[in-house]
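Engineer: Shown below is the structure under consideration.
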Amino acid sequence: MKILFTLFALAIGLYSVSQENTLEPKLKNIQWISGTWHGEAFGGTTEEIWSEPSGGSMMATFKLIVDGKVQFYEIEVIREVEDSLILQLKHFGSDLKGWENKEETIDFPLKYITENKVVFEGMTFEKISDQEMNVYLDIKENDKVETVKFNYKKQVKKPIRNILEVKKADSNPVIDGIADENIWQKTQWHPIDQLWLGKPYSSTDFEGRYKLTWTKDALYLLAEIKDDKLLDINQDPLTSWWDDDCLEIFIDEDNSGGEHQYNHNAFAYHVSLDGNVVDMSPEKIGKLYNSHVESKRTTIDNTSIWEVKILLFDDSYQEHQVNMPVELVIGKNIGFALAYCDNDESEHRENFIGSVYVEGEDKNRGWIDANIFGTLKLIK
């Protein structure tokens, strides 16, 4: 019975691989591994840098840092050998003394490649997105095999664009929607005037502008929105929150850019008329992030003043865990954009107006692509 079960499991595994459309064992089919990757493992932080394919190989360097000190290094190579691929590596201590003998390498022969996976014997690379991958490593000790997972995020150099210098406040502004602090008198307005979605609108329907300041604790936003009709259709804050009138604040703490649709590489906070704050979570559902953003709105006639305090979190943020906000410092760059969802009387929002110019026909990309954000530079 055990033999039959093993054969059945093997057959299912082979069938699953065949269903995934295996690719030729060529370096061009695993080129997505190339780049600079960062993650956490073994109680520390890891860095792995893979080159583009050249000369029939790809090469990588790896290091593990624990408590600010390098624990060990690796040199890794994936080579084309006899119509297949092989991954080979060597370990080195922090003093660059090799762990293996001079002629010895640790070898991982290729098993198969699919569009999003490279499976070696004992090591697997799994593509999650263009900016994220998982690496699974089998470690054998005392006749037991443990699989260690490395979750990596790719370091992407985002173009520095639409730079705004943001002055530091002497003290934290009070979030009361009045904006009578001295810092607000010393900072300039910036327009919200880029149509990202919908038909052209008139100034009687919408006008928007904003100011920014900061302290070590948080980023502060003052927005003035002139909207002739405020609409809040959905009483449930997690139901179609983007179709109600709301302020949307895009934050990329380290200005790294990249995809953030279902991860916390960046945040897209929808601040509703009632103050609830919603973003898409890694579970692919809306979630309240009211502890991240504090706001107060005052409205007189058709003009609303939104005063907002925004805590910043880096991309190590994990759901269902305690996460500490980042302390802000002079010289820091932050990815930022601001937008307003305007809906006067429709089932869906009628306009989406942003603060930065977005190239191409599809301008509604901020909730997915942090590369479209502008850049804030914190100054004294």
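The values are calculated or read from the model by the stated rules, or taken from the named source; none is laboratory data. None of the values given here were measured: they were computed from a predicted structure. A quick note on method: Cβ atoms are made from the backbone with ideal geometry, for glycine too, and the neighbour counts reach across all protein chains shown. Surface accessibility is based on the protein's heavy atoms, side chains included, excluding ligands, DNA and RNA. Shrake-Rupley method; radii C 1.70, N 1.55, O 1.52, S 1.80 Å.
Engineer: Considering only protein heavy atoms and a probe of 1.4 Å, how much of the accessible area of segment 57-152 is carbon and sulfur, as a whole percent?
Structural biologist: Working: 2580 of 5780 Å².
For segment 57-152, the apolar C and S fraction of the accessible surface comes to 45 percent.
Engineer: Let me ask something additional. How many percent of the accessible area of segment 252-339 is carbon or sulfur, using a 1.4 Å probe? Don't jump to the answer; show the numbers that get you there.
Structural biologist: Values: 1830 of 3720 Å².
Answer for segment 252-339 is 49 percent, counting heavy atoms of protein chains only.
Engineer: How long are the semi-axes of the equivalent ellipsoid of segment 138-223, defined as square roots of 5 times the Cα gyration tensor eigenvalues? Whole Å, largest first. Write down the numbers at each step before the final one.
Structural biologist: Numbers: eigenvalues 401, 104, 36 Å².
Ellipsoid half-lengths, sorted descending, are 45, 23, 13 Å.
Engineer: On to the next question. Average the reciprocal distances over every distinct pair of alpha-carbons in the chain, invert the result, and give the Kirkwood radius in Å. Can you show the working numbers first?
Structural biologist: On the way: mean 1/r = 0.0421 Å⁻¹.
So the Kirkwood estimate lands at 23.8 Å.
Engineer: Of the residues D244, D227, D143, which exhibits the maximal mean-square fluctuation in a Gaussian network model of the chain defined by a 10 Å Cα contact cut-off?
Structural biologist: Result: D143 has the largest fluctuation of those listed.
Engineer: I need to check one value: relative contact order of segment 268-342, counting alpha carbon pairs closer than 8 Å and at least 6 residues apart, in percent. Show your work: numbers first, answer last.
Structural biologist: Working: 73 pairs, mean separation 12.0, N = 75.
Normalised by residue count, the contact order of segment 268-342 is 16 percent.
Engineer: Which angle from 0 to 90°, rounded to the nearest 10, does the C-alpha axis of helix 2-19 make with the longest principal axis of the chain?
Structural biologist: Tilt of helix 2-19: around 50 degrees.
Engineer: What 222 nm value per residue comes from the helices of the chain, counting each DSSP H run with n ≥ 4 as -39,500 (n - 2.57) and dividing by all residues, nearest 500 deg cm²/dmol? Intermediate results must be reported in sequence, preceding the final value.
Structural biologist: Working: 2 runs with 23 residues, N = 380.
Calculated mean residue ellipticity at 222 nm is -2000 deg cm²/dmol.
Engineer: Now for a separate question. Modelling each spin label as a point 7 Å along the Cα-to-Cβ direction, I'd like the K102/T45 distance in nm, to one decimal.
Structural biologist: Taking the two extended label points, one gets 3.8 nm.
Engineer: Next up: Checking a compactness column here: for segment 34-143, what do you get for Rg(Cα) / (2.2 N^0.38 Å), N being the number of residues? Please report the intermediate quantities before stating the final value.
Structural biologist: Values: Rg = 14.3 Å, N = 110, 2.2 N^0.38 = 13.1 Å.
Compared with the compact-globule rule of thumb, segment 34-143 sits at 1.09.
Engineer: Kindly report the accessible area of the chain per residue (heavy atoms of protein chains, probe 1.4 Å, no ligands, DNA or RNA), in Å². Let's see the in-between values first.
Structural biologist: On the way: 20280 Å² over 380 residues.
I get 53 Å² per residue for this part.
Engineer: Springs between alpha-carbon atoms under 10 Å, Gaussian network over the chain: tell me which of A337, A223, A179 tops the mean-square fluctuations.
Structural biologist: Of the options given, A179 has the highest mean-square fluctuation.
Engineer: Measuring from centroid to centroid over Cα atoms, what is the spacing of segment 299-321 and segment 189-250 in Å?
Structural biologist: Value for the Cα centre distance between the two parts: 12 Å.
Engineer: Quick one: length gained pulling E359 to S202 fully straight, 0.36 nm per residue minus the C-alpha distance? Walk me through the intermediate numbers first.
Structural biologist: Details: separation 157, 0.36 × 157 = 56.52 nm, distance 2.23 nm.
Separation in residues times 0.36 nm, less the Cα-Cα distance, equals 54.3 nm.
Engineer: Simple spin-label model, 7 Å along Cα-to-Cβ: Q318 to N290 in nm?
Structural biologist: 2.6
Engineer: Two-decimal Rg/Rh of segment 217-355 from alpha-carbon positions, Kirkwood Rh?
Structural biologist: Values: Rg = 14.9 Å, Rh = 15.6 Å.
Rg divided by Rh gives 0.96.
Engineer: Give me the extension gain from D130 to E165: residue separation times 0.36 nm, minus the current Cα-Cα distance, reported in nm with one decimal. It would help to have the intermediate numbers written out before the result.
Structural biologist: Details: separation 35, 0.36 × 35 = 12.60 nm, distance 3.04 nm.
Going from the current span to full extension adds 9.6 nm.
Engineer: To the nearest 20 debye, what is the magnitude of the charge dipole of the chain about its Cα centre, counting +1 on the Cβ of each Lys and Arg and -1 on the Cβ of each Asp and Glu? All intermediate terms of the calculation are to be shown ahead of the outcome.
Structural biologist: Details: 40 positive and 67 negative charges, 226 e Å.
That gives a dipole near 1080 debye.
Engineer: Can you pull the one-decimal nm distance between simple spin-label points at E146 and K26, each 7 Å off the Cα toward Cβ?
Structural biologist: Spacing of the two 7 Å Cα→Cβ label points: 4.0 nm.
Engineer: Then there is this: Could you tell me the extents of segment 56-101's C-alpha atoms along the three principal axes, largest first, rounded to whole Å?
Structural biologist: 42, 22, 11
Engineer: Still on this structure: Could you work out the Rg to Rh ratio of segment 106-147, with Rh taken as the Kirkwood radius (inverse of the mean 1/r over all Cα pairs)?
Structural biologist: Numbers: Rg = 11.7 Å, Rh = 11.2 Å.
Checking Rg against Rh, the ratio lands at 1.04.
Engineer: Pick from E126, E165, E283: which is most flexible by mean-square fluctuation in a GNM of the chain where alpha carbon atoms under 10 Å apart are linked?
Structural biologist: Result: E283 has the largest fluctuation of those listed.
Engineer: How much of T187 can a 1.4 Å solvent probe reach, expressed as accessible area in Å² and rounded to 10?
Structural biologist: 20
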